[in-house]
Structures are given as structure tokens and as C-alpha cells.
1. Hey, can you tell me all the residues within the range 103-130 that are acidic (Asp, Glu) and either assigned to a strand (DSSP E or B) or touching a Phe, Trp or Tyr at 6+ places or on another chain (Cβ under 6 Å) (or both)?
2. Which count do you get for residues in the range 212-230 that are charged (D, E, K, R) and either buried (at least 16 other Cβ atoms within 10 Å of the Cβ) or more than 18 Å from ASN184 (Cβ to Cβ) (or both)?
3. Run down SER134, SER207, SER195, SER143 and say which single residue is of a type in the set (Gly, Ala, Ser), under 25 Å from the mean Cα position of the chain (by Cα) and modelled with pLDDT under 95.
4. Taking GLU235 as the residue in question, decide whether it is in contact with a Lys or Arg (Cβ under 9 Å, 6 or more places away or on another chain) and either modelled with pLDDT of 90 or more or surrounded by fewer than 16 Cβ atoms within 10 Å (Cβ to Cβ) (or both).
5. Please verify whether LEU209 is within 26 Å of LEU87 (Cα to Cα), touching an Asp or Glu at 6+ places or on another chain (Cβ under 6 Å) and either crowded, with 19+ Cβ neighbours inside 10 Å or hydrophobic (A, V, I, L, M, F, W, C) (or both), treating the condition exactly as stated.
6. Determine whether TYR59 is surrounded by 14 or more Cβ atoms within 10 Å (Cβ to Cβ), at pLDDT 85 or above and not hydrophobic (A, V, I, L, M, F, W, C).
7. Which of the residues spanning the range 86-138 are surrounded by 13 or more Cβ atoms within 10 Å (Cβ to Cβ), in contact (Cβ under 8 Å) with a residue 60 or more places away in the chain and of a type in the set (Ser, Thr, Tyr)?
8. Answer yes or no: is there a residue in the range 157-176 that is more than 22 Å from TYR241 (Cβ to Cβ) and of a type in the set (A, V, I, L, M, F, W, C).
Amino acid sequence: MKKILLIIFLLFAVGYSCSAQTKPIDLARKILTESTDNSEFYAEDFETKFDFKELRTLYNLTFKSTPIKDNVEVVSVTAKGKENNDLNFYLYFHRNESRWKLFDWQHYEGSTEKHYLKMLNNLDKKQIDSIIKSNDERKIFTSKEQFNYMKSVYDLALNSDEQIVNYLRQNKKDFEKLKKQFDNFVTNNPGYNNSEKNAFFSENYYSGLSISNITEHFQGLDNCLTFIISENGYEAVGYFYTSDKIKIPIINPKKIFFIQEIEEGWYMFRST
């Protein structure tokens, strides 16, 4: 009898140990790819209205895990659609008593970008020319160059992390050039105001880069130089540069909810 009890105990201990040490990336795969009830892997206060089942059926999922701090990790999930409509979202896990639990999730909604990109894509050449020639002071673009620029910004903002990272790599020289120009502007204009900065940046709108702003004072990235692709009031996506890794903020699902290093000093980010 004692031997039987000992065997049962050992089997329980091994099973508990395996479960307790399951990595966040493995839990993310299980939660998103298996149709079984996975609520045991949720923190007590975790709630979501997101349809994980839809992801399983419509997208091919890939996973990448990034430690945030002791006992906290984020798993970024790239969902690749059949029509190249990739999207990214993020699952946040914390470890309590050796067990990892999902406590939050985040994604970039991009509703503003989707609205304007759809509107621009629906314009034909005649309509585009008509808007450019009009005297309406409220027109959203004044030239074909600005029209193409706006489309490129909204399109890049809605891309996957992989595509956004690749965009900087492909245009690294132009980003370095703009960074140098901005550094010189700051040196020559100590104590500059936003109007002066915006006037400087407007001269670089059509430099070929799909970014909408450059700033030293983006919320949560105050110690970095930030190149914003798109910002709509409650969420933003872009890049930042810092030569000092100590200045990089800690990922927080309620603020800067994702950061990925691209190359030395250069990072992409998403915020809410």
C-alpha cells in the first residue's frame, strides 16, 4: 500500500512540476491553438472579450517570447492571414508560486488609420486631382506627393511588427540622416518650441520616410528620440533611438505595451 501511495505521490509531483514550469510561450500556444478550456492558465482578474477561436481558424500563428522583468514575460503573436492581412497582439504572463498565468493582453487597433486608408484608397485619379485643385481650406491633402505620403503612413502603421522592423532596416540610412538633421536642429535651437520643431519637420515630410512626427518628448519615451509612424490620441506606433539601454522603459500593457530591438540603438514600439 505504501508503495502505491509513493508512486501516486511521485506521479503527482512530476505532473505538478511540469505544469508549474511550463513556459509562457508554451502556454500562449496552448491557449490560442487548442479548443479546450484554458481558464486554469488565467490570472483571477483576467478578462477578455477577444475571440481566440477566430484566430485559430482564420490565421497562421507564430510566437515569440520576451522577458520584461523578473517573473513577467510578454509573448508577441503574429497572426498571418490568407490575404497577407497580418496582425500582431501580445499576451502578458506573470509567475506566482512557480506557475505562469496570463494576466493581460493588448493589440494595436488602428481604427483611425483604417478609416483614412480606406477613404484614400476609394478615391480615383479624377477625385484626387479635384481635391488638390479645390480652394477648400479643410482638404486633407494638397498635392499628389502628400496623398501618397499619407497613404504610406497609414499603411505602415497597420503592418505587422515584422514588416515595421524591416521598413527601418531597409531605410536605415534615411533614418540616420533625419536623426542627424534633428540633432543639429536641437543644437542650433536650444529651448525650441513645438511650432519651430514642426516647421523643421514639415520640410522633411517627403524625405521618403513614412513617419508623421519626430520628438524628444513622447509620453513614456521622454529620454529617447522618437520617430512616430502614426498616433491617434490613444495609441501610437513607431520607432525610437537611444544609445543608453538604461533609458529604455519597461514594457507595460497599459502604456508602452511592446518594444522590439531592431539594431544597435534602434527600437520599434507600440503604445496605448
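1. If the condition is that a residue be acidic (Asp, Glu) and either assigned to a strand (DSSP E or B) or touching a Phe, Trp or Tyr at 6+ places or on another chain (Cβ under 6 Å) (or both), then ASP104, GLU113 are the ones that fit.
2. Applying the first criterion (charged (D, E, K, R)) to the range 212-230 yields 216, 222.
Still in the running and either buried (at least 16 other Cβ atoms within 10 Å of the Cβ) or more than 18 Å from ASN184 (Cβ to Cβ) (or both): 222.
Qualifying residue count, the range 212-230: 1.
3. Just one listed residue meets the conditions, SER207.
4. yes
5. Numbers: within 26 Å of LEU87 (Cα to Cα): yes; touching an Asp or Glu at 6+ places or on another chain (Cβ under 6 Å): yes; either crowded, with 19+ Cβ neighbours inside 10 Å or hydrophobic (A, V, I, L, M, F, W, C) (or both): yes.
It is true that LEU209 is within 26 Å of LEU87 (Cα to Cα), touching an Asp or Glu at 6+ places or on another chain (Cβ under 6 Å) and either crowded, with 19+ Cβ neighbours inside 10 Å or hydrophobic (A, V, I, L, M, F, W, C) (or both).
6. Spelling it out, it is not the case that TYR59 is surrounded by 14 or more Cβ atoms within 10 Å (Cβ to Cβ), at pLDDT 85 or above and not hydrophobic (A, V, I, L, M, F, W, C).
7. Of everything in the range 86-138, those that are surrounded by 13 or more Cβ atoms within 10 Å (Cβ to Cβ), in contact (Cβ under 8 Å) with a residue 60 or more places away in the chain and of a type in the set (Ser, Thr, Tyr) turn out to be TYR90, TYR92, TYR108, THR112.
8. From the range 157-176, those more than 22 Å from TYR241 (Cβ to Cβ) are 158; that's our starting set.
From the residues that got through so far, the ones that are of a type in the set (A, V, I, L, M, F, W, C) too are 158.
Within the range 157-176, one or more residues are more than 22 Å from TYR241 (Cβ to Cβ) and of a type in the set (A, V, I, L, M, F, W, C).
The values are calculated or read from the model by the stated rules, or taken from the named source; none is laboratory data. Just so you know, these numbers come straight off a predicted model, no measurement behind them. So basically every Cβ, Gly included, is an ideal-geometry build from the backbone, and we count neighbours across all protein chains shown.
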